[in-house]
Amino acid sequence: MENNTLDAHTEELLKQYDEQLPIYEQMEKLAYDCLRHTLRKQGIYVTSIEHRIKERKSLQGKLELKGSKYATINDVTDIVGLRVITFYSDDVDKVAAIVKRTFDIDWEKSVDKRKLHQMDSFGYNSLHYICNLPKTVIDDPEMPALNTIRFEIQMRTTLQHVWSTIEHDTGYKGDVKIPPEYKRQFSRLAGMLELIDNEFSRLRTTLIDYRRKVQSLVASGQLDDVLLDTETFRSYLKLQPFDRLNKRIAAINQAEIYPTSLLSFIPILKSFGFNTLGDVQKFITTYEEEAYQLAISQLAFTDLDILSENVGLLNLCIVYVVKNGGGILGLKHIFNFIYNEKECNYLAELAFKHASTLSFMKHQT
């Protein structure tokens, strides 16, 4: 039911809102589509982009409180609103840079609430830009208001957004006065979340720097300084360290090599006590010739003409286990990581049989 006690000015502003609602709807769609497309094009991943038009009832409540400050409805700059939620705090600035290049910004009305530094304001530490659609986005002579009516874009992190929602849900920012002990509790929690927010960004930066350092060390051959893990092994594989052995093995039967992931071998290599990529490189150098001889034993009397890319590494592992006294049990351990358990016994016994024909087995006890 309409409120019949509204003053004439508020009534006029609401009338203007009703008349311009189709414009707001088009603005909302244009701004959202443009922002989403631009962020995606720039490779900026965000949690979500929320968008809405302020409902008439909500606007009426706002105007009843402070309608006198608005000469026309166009002075209300948040009727159309978008909110970009990012994972990391430094991504807020990346999004802001894109927003600045995409839309026209009203800098006098825009505000960076992150600089307010209020102890209990973590959930409201958003960056707020008041924007217009430039003619590069839309230029419709029949609807010039699309370029003049302002809208708001808020940018905040996921943790800030969650905290704001919690504050709203608990009524912390409501009309009821909160006792000092509860305010202190909120402030402590807000401080902790702000620290976590900043630390996540710092950790991401540290990990990016680490990956770059690893890639540099691997490329320069300083493998002894690089710990063996999934990330470093992936970088190491770009050097194709098993390529020469694979090609030698493939040449036995003029076989083709089909690609497959070698990351499943990381637990096996670690079980051998290898801690760095340097250990893996020494492993290849030390056992490459015997791994090739094992392949000859396996393939010489077959017509296999398609081999997996893991053939070289697998044979290296088989030779390592057998030469170091691991026997069939050690081989079962390897195959258990790569294949299903039912095949492990057969494959381990077959691999040991082929390895037994090699010269180094004569020295095994």
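The values are calculated or read from the model by the stated rules, or taken from the named source; none is laboratory data. Note that the structure is a prediction, hence the values are computed from the model and not measured. Cβ: placed from backbone, ideal geometry, glycine included. Neighbour counts: every protein chain shown.
Laid out as a table, the results:
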quantity: Counted residues, the stretch 251-296 - those being touching a residue at least 60 places away in the same chain (Cβ under 8 Å) and of a type in the set (A, V, I, L, M, F, W, C); calculated: 3
quantity: Hey, Ile334 under 27 Å from Gln222 (Cβ atoms), assigned to a helix (DSSP H, G or I) and under 34 Å from the mean Cα position of the chain (by Cα) or not; calculated: no
quantity: Qualifying positions in the stretch 42-66 - aliphatic (A, V, I, L, M) and part of a helix (DSSP H, G or I); calculated: Leu59, Leu63, Leu65
quantity: Looking only at the stretch 314-351, and only at residues there that are of a type in the set (Phe, Trp, Tyr) and buried (at least 17 other Cβ atoms within 10 Å of the Cβ), the one that is modelled with the highest pLDDT; calculated: Tyr320
quantity: Flag for Thr260 being in contact with a strand residue (DSSP E or B) (Cβ under 9 Å, 6 or more places away or on another chain), more than 26 Å from Ser356 (Cβ to Cβ), surrounded by 14 or more Cβ atoms within 10 Å (Cβ to Cβ) and of a type in the set (S, T, N, Q); calculated: no
quantity: Residue within the stretch 244-257 that is touching a strand residue (DSSP E or B) at 6+ places or on another chain (Cβ under 8 Å), assigned by TED's automatic domain parsing to the domain that holds Glu349 and under 20 Å from Ser356 (Cβ atoms) present; calculated: yes
quantity: Residue in the stretch 1-36 that is modelled with the lowest pLDDT, counting only those that are exposed (fewer than 15 other Cβ atoms within 10 Å of the Cβ) and hydrophobic (A, V, I, L, M, F, W, C); calculated: Met1
quantity: In the stretch 7-35, the residues that are touching a strand residue (DSSP E or B) at 6+ places or on another chain (Cβ under 8 Å) and not in a helix (DSSP H, G or I); calculated: none
quantity: Cβ-Cβ under 6 Å pairs, at least 6 apart or on other chains, the stretch 104-122 side assigned by TED's automatic domain parsing to the domain that holds Ile153 and closer than 17 Å to Ser187 by Cα, far side at pLDDT below 85 and among the charged types (D, E, K, R); calculated: Phe122/Glu194
quantity: Number of positions in the stretch 18-57 that are within 26 Å of Pro144 (Cα to Cα) and hydroxyl-bearing (Ser, Thr, Tyr); calculated: 3
quantity: Condition met for Ala355 (out of contact with any Ser or Thr (no Cβ under 6 Å at 6 or more places or on another chain) and touching a residue at least 60 places away in the same chain (Cβ under 8 Å)); calculated: yes
quantity: Residue ID - surrounded by the fewest Cβ atoms within 10 Å (Cβ to Cβ), chosen from residues in the stretch 91-108 that are of a type in the set (A, V, I, L, M, F, W, C) and within 14 Å of Ile44 (Cα to Cα); calculated: Ala97
quantity: Checklist (1) under 17 Å from Ile284 (Cα atoms); (2) outside any loop (DSSP other than H, G, I, E, B) applied to Gln215, failing item; calculated: (1)
